[in-house]
Ligand code: NAD
């Protein structure tokens, strides 16, 4: 893996344009969240770099679009194999760059990145288009699907390579070329992947990666007239800016945004499985997954029992040095983010809530070299009013709130009582109740008696302020292609 070093201290990344690594004149500091030290310099790209990347993508488009899906799939499968081969290097880099545990990167982020390529290599071969009956006014009507052109892909910092490849794989499988901009806070694995793309035989210009901030590189990409499609995963606030910025060009948009995901736990649930899974759904990846549970509604009959057992289980979810396999959580992404998350805990306290464990209650034991890292233990809060900002806004950290409810109707009303609608979980042994509650929940994804089980063939995405559009098998195929209806008189 190519790694250039500046003053033999920092890892210095380069943009990847037209199949080549291209140095950038200015850089942004990137921190190791587990130490709080700068360790990497990320290109601070702007209009010029984006312009070069779009030009390369435009040039590569006709050749790539002309390849058959089978030919493109071969290259995607090679990418998947190469990611598997380099799993350990990529997992180490993801953990250092993002703060997540090496175990999580090794078992979730990187395997899923390989699977994204493998899945879309296969799924692109199995779609069909429509054809109407032969005798419709003496015409044959059928549809064809064509790639859109240069796809602009913008991804966040929480699952860096996982979410970037979730966009790159379907975009190129369907014949588009790409200009991608990963988060400026977690760019290293995307940069490492560029080398693998060269080895896999992805032709120059098919995938271009421009590193930098949202305000400069991201804005230049969204505002580029020759990029007709933007797939964005990130915050709702940024999505609003992107929507406005792309409106004059009528761009095709897919927006995968924030969540404030409820768990609805009925008294007849299998509490042991429920508690084990709800600790995982609340705190995995430091709570920095858009699908993490942050509001837990428990039927009053089991509320006290649940709370006691849940807090005990949360305390066993250890936080510390990301490389230690004994830890379930590592560090949060940045100092600013840690302060924001802590601010929500302080707000809950000021509103009279009880903090049962974690922030301000339990002390983390960290080695000397990690005391400057951005660590925070799993924090469980009860007694927060439903209308508090703590219950209404996305915290995106290891914080979850527990509240009692009485009956199905109240549970659904509380679960739906936020502006987000990404994911929800329901826990009950009563199948009919599970179906009723699932039908009433305003969410793009409902998991019953489980969490984060994903069949990539099925749609992924949110309702309300959690997003616009869906991604996944057929939905990604539709988003990354334009449909054309052809009518032939016979
Ligand atoms: P963010 O919105 O701050 O940034 C996301 C990406 O957008 C980054 O690459 C950033 O540089 C870029 N960006 C910022 N401003 C931009 C602009 N004006 N124009 C173009 N690009 C711009 O989000 P984040 O803090 O990186 O990620 C956390 C958020 O992402 C959370 O809200 C989380 O819920 C959400 N998320 C959603 C999903 C999902 O699938 N629904 C998945 C993961 C994360």
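The values are calculated or read from the model by the stated rules, or taken from the named source; none is laboratory data. Since this is a predicted model, take the numbers as computed values, not measurements. Glycine gets a Cβ as well: all are built from the backbone with ideal geometry, and neighbour counts include every protein chain shown.
The condition of being crowded, with 16+ Cβ neighbours inside 10 Å, within 18 Å of the chain's Cα centre (by Cα) and within 30 Å of residue 238 (Cα to Cα) holds for only one of 192, 185, 197, that being 185. Annotation: of all residues in segment 293-314 being part of a helix (DSSP H, G or I) and touching a residue at least 60 places away in the same chain (Cβ under 8 Å), the one that is surrounded by the fewest Cβ atoms within 10 Å (Cβ to Cβ) is 300.
For segment 460-477, how many residues are surrounded by fewer than 18 Cβ atoms within 10 Å (Cβ to Cβ) and either more than 16 Å from the ligand (Cβ to nearest atom) or within 13 Å of residue 166 (Cα to Cα) (or both)? Looking only at that region, the number is 1. Among the residues that make up segment 404-426, is at least one of them out of contact with any helix residue (DSSP H, G or I) (no Cβ under 7 Å at 6 or more places or on another chain), farther than 25 Å from residue 383 by Cα and assigned by TED's automatic domain parsing to the domain that holds residue 383? No, segment 404-426 has no match at all. With the structure loaded, tell me whether residue 277 is under 30 Å from residue 444 (Cβ atoms) and touching a strand residue (DSSP E or B) at 6+ places or on another chain (Cβ under 7 Å) or whether it fails that test. In short, no. If the condition is being within 16 Å of the ligand (Cβ to nearest atom), in contact (Cβ under 8 Å) with a residue 60 or more places away in the chain and out of contact with any helix residue (DSSP H, G or I) (no Cβ under 7 Å at 6 or more places or on another chain), then segment 134-170 contributes 163, 167. Among the criteria (1) more than 10 Å from the ligand (Cβ to nearest atom); (2) crowded, with 20+ Cβ neighbours inside 10 Å; (3) over 25 Å from residue 393 (Cα atoms), the one residue 277 does not fulfil is (3). The criterion of at least 2 residues that are out of contact with any helix residue (DSSP H, G or I) (no Cβ under 8 Å at 6 or more places or on another chain) and either more than 10 Å from the ligand (Cβ to nearest atom) or not assigned by TED's automatic domain parsing to the domain that holds residue 50 (or both) is met, among helices (runs of 4 or more DSSP H) falling completely within segment 186-265, by 188-200. Please verify whether segment 468-486 includes one or more residues that are farther than 24 Å from residue 287 by Cβ, within 16 Å of the chain's Cα centre (by Cα) and assigned to a helix (DSSP H, G or I). Yes; the residues of segment 468-486 include at least one that is farther than 24 Å from residue 287 by Cβ, within 16 Å of the chain's Cα centre (by Cα) and assigned to a helix (DSSP H, G or I). If you go through segment 124-133 one residue at a time, do you hit one that is more than 16 Å from the ligand (Cβ to nearest atom) and either surrounded by 24 or more Cβ atoms within 10 Å (Cβ to Cβ) or assigned to a helix (DSSP H, G or I) (or both)? Yes, that holds for at least one residue. Restricting 90, 153, 102 to those that are under 30 Å from residue 335 (Cβ atoms) and within 15 Å of the chain's Cα centre (by Cα) reduces the list to 153. Within segment 200-238, the residues that satisfy the criterion of being within 19 Å of the chain's Cα centre (by Cα) and either free of Cβ contacts under 8 Å to residues at least 60 places away in the same chain or under 30 Å from residue 77 (Cβ atoms) (or both) are 209, 210, 211, 229, 230, 231, 232, 233, 234, 237, 238.
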